[in-house]
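The structure under discussion appears below in the form of structure tokens.
The values are calculated or read from the model by the stated rules, or taken from the named source; none is laboratory data. Remember, it's a predicted structure, so these values are computed and weren't measured experimentally. In this analysis, Cβ positions are derived from the backbone assuming ideal geometry, glycine residues included, and neighbour counts consider all displayed protein chains. The protein model used for the area step is the full one, side chains on, heavy atoms only, and it has no ligands, DNA or RNA in it. Shrake-Rupley method; radii C 1.70, N 1.55, O 1.52, S 1.80 Å.
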Amino acid sequence: METEHNARLTSAEISQIWGSYQNDTLTVCMLRYFLNHVEDDEIRRLLQYTLEISSSHIQKLTKLMRKENFAVPAGFTEDDVNVNAPRLFSDSFMLVYVQQLGKLGLNAHSVSTALAGRPDIHAFFLECLQEYGDVHKKANQILLSKGLYIRPPYLPYPKQVEFVSNKHFLAGWFGERRPLTSLEITNLYDNIQRNSLGVAVLIGFSQAAKSKKVSQYMVRGKNIAAKHVEVFGSILSKDDIPAAVTWDSEVTTSTTPPFSDKLMMFHVTALIAIGIGYYGTSMATTMRRDIHLKYSRLTAEIGKYSEDGANLMIEHNWMEQPPLSPDRDELAKK
């Protein structure tokens, strides 16, 4: 039961509630558009199921915020999507998009659940975690049934226990390099998958953007993501590990905007933030110095790209301000 002496939302809970509302309203816009164009019945049912989940989250979060006298964010509405715009992405892209949505939802809501102290907030995010786990499972099942599931590389099973006996294990800048560890391969491969899907998203958004600046920003992002795919792929290929994953052909030639420039910019900057987080995890679990250095350099590159995106959003008054701590110095002046 909730204790009475400290029932207010904490800063951690506020941040997760606010972010979840933004992400769910964006997801609803994306899925409504997809549903108006999907042809495959299995994928349609998955999209509808995911839409119902996101819509229920919005309702629950809105009710919670109103109860707490918490200003409901603007988020994204029907003004940010034109469901009747021509098809921009294929059914296969939509399926992989939802699979990644499930994976990102699992990661995000596991963090939200861990940060929640109030029983009702903990219960809400735990439910979200379970729902996104189901979305991910259903997407994987459809991908497998259609022969579209891309498996990570296989490795031979270890036959005996071994310990690292030479500091050369950490080397990588000069001379002979040791083979990649299974975790290094996992991170490299996952980062390739996310960037490959990102290339397709950015191609579609660059075609559909109304603003020339936004279109140019998307093209720049596409080139960055493609370069990162190449960098990570080259590391794998040196160990004879295949890494070819592309979704570029799943984007049509339509130039009619299905989404507002505001939504597309938020979507891309949110993906960048997620990517930086994954790169940080990859750096923390990489023991070869040359790979660590590459992650560091690429993180700085997308960090600068993210900052430029934020400036572009501020310029057009598209960036909704997240909850802030009170400015005590300013309050003192008043």
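Here are the numbers for this structure:
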| read-out | value |
| --- | --- |
| Å² per residue, accessible surface of region 208-334 at 1.4 Å | 55 Å² |
| Cα-centre dipole for the chain with unit charges at Cβ (Lys and Arg positive, Asp and Glu negative), debye to 20 | 660 debye |
| For region 199-204, 3J(HN,Hα) per residue [Karplus equation, 6.51 cos²θ - 1.76 cosθ + 1.60, θ = phi - 60°, Hz, x = Gly/Pro] | 4, 5, 4, 5, 4, x |
| Among Asn36, Leu51, Gln22 the positive-end extreme of the charge dipole of region 15-93 (Cβ point charges) | Gln22 |
| Projected label distance in nm at Glu230 and Ser92, using a 7 Å step from Cα toward the beta-carbon | 2.3 nm |
| Relative contact order computed over region 76-140 (Cα-Cα under 8 Å; 6+ residues apart), in percent | 39 percent |
| Average accessible area per residue (Å²) across region 66-187 - probe 1.4 Å, nucleic acids and ligands excluded | 60 Å² |
| Relative contact order of region 144-278, defined on C-alpha pairs under 8 angstrom at six or more residues apart (%) | 27 percent |
| Extension gain, Ala171 back to Lys63 (0.36 nm per residue minus Cα-Cα distance, nm) | 33.5 nm |
| Portion, in percent, of the accessible area of region 175-334 that falls on carbon or sulfur, probe 1.4 Å | 55 percent |
| Long pairs among Lys63/Lys138; Lys213/Lys304; Lys63/Lys103; Lys227/Lys262, criterion Cα-Cα beyond 18 Å | Lys63/Lys138; Lys63/Lys103; Lys227/Lys262 |
| Nonlocal amide H pairs with Phe89, under 5 Å, H built at 1.01 Å | Thr252 |
| Within region 165-229: Cβ-based charge dipole about Cα centre, in debye rounded to nearest 20 (Lys, Arg +1; Asp, Glu -1) | 420 debye |
| Whole-number percent relative contact order across the chain, with pairs defined as alpha carbons under 8 Å at least 6 apart | 20 percent |
| Counted charge near Ser90, where neighbours are those whose Cβ lies closer than 15 Å (Asp, Glu -1; Lys, Arg +1) | -3 |
| Karplus (6.51, -1.76, 1.60) ³J(HN,Hα), θ = phi - 60°, over region 63-79, in Hz, Gly and Pro reported as x | 4, 4, 5, 5, 5, 8, 6, 9, 4, 5, x, 5, x, 10, 10, 5, 5 |
| Bins of 5 Å from zero: percent of alpha-carbon pairs in region 132-239 | 2, 10, 13, 15, 16, 15, 12, 9, 6, 2, 1, 0 |
| Cβ-placed point charges (K, R +1; D, E -1), dipole of region 114-191 about Cα centre in debye, nearest 20 | 320 debye |
| Label point distance in nm, Arg8-Ser211, each placed 7 Å from Cα along Cα→Cβ | 3.6 nm |
| Entry for semi-axes √(5λ) of the Cα gyration tensor in Å (calculated from the structure that is shown) out of [x] 67, 20, 19; [y] 34, 26, 22; [z] 35, 21, 19 | [y] |
| In region 94-197, GluC sites (Glu not before Pro) in a DSSP loop with at most 14 other beta-carbon atoms within 10 Å | Glu162, Glu176 |
| Dipole of the chain [Lys/Arg +1, Asp/Glu -1 at C-beta], most positive-end residue of Asn191, Thr181, Phe76 | Thr181 |
| Dipole of region 257-334 [Lys/Arg +1, Asp/Glu -1 at C-beta], most positive-end residue of Gly277, Pro257, Ile314 | Gly277 |
| Cut-off 11 Å (backbone N to label point 7 Å along Cα→Cβ of Thr255), residues of region 201-217 | 207-209 |
| Computed Kirkwood radius, in angstrom, where 1/r is averaged over Cα pairs of region 204-292 | 15.1 Å |
| Built amide H within the under 5 Å cut-off of Phe259, gap 5+ | Asn82 |
| Proximal charge balance of Trp318 [Cβ under 13 Å; K/R count +1, D/E count -1] | -2 |
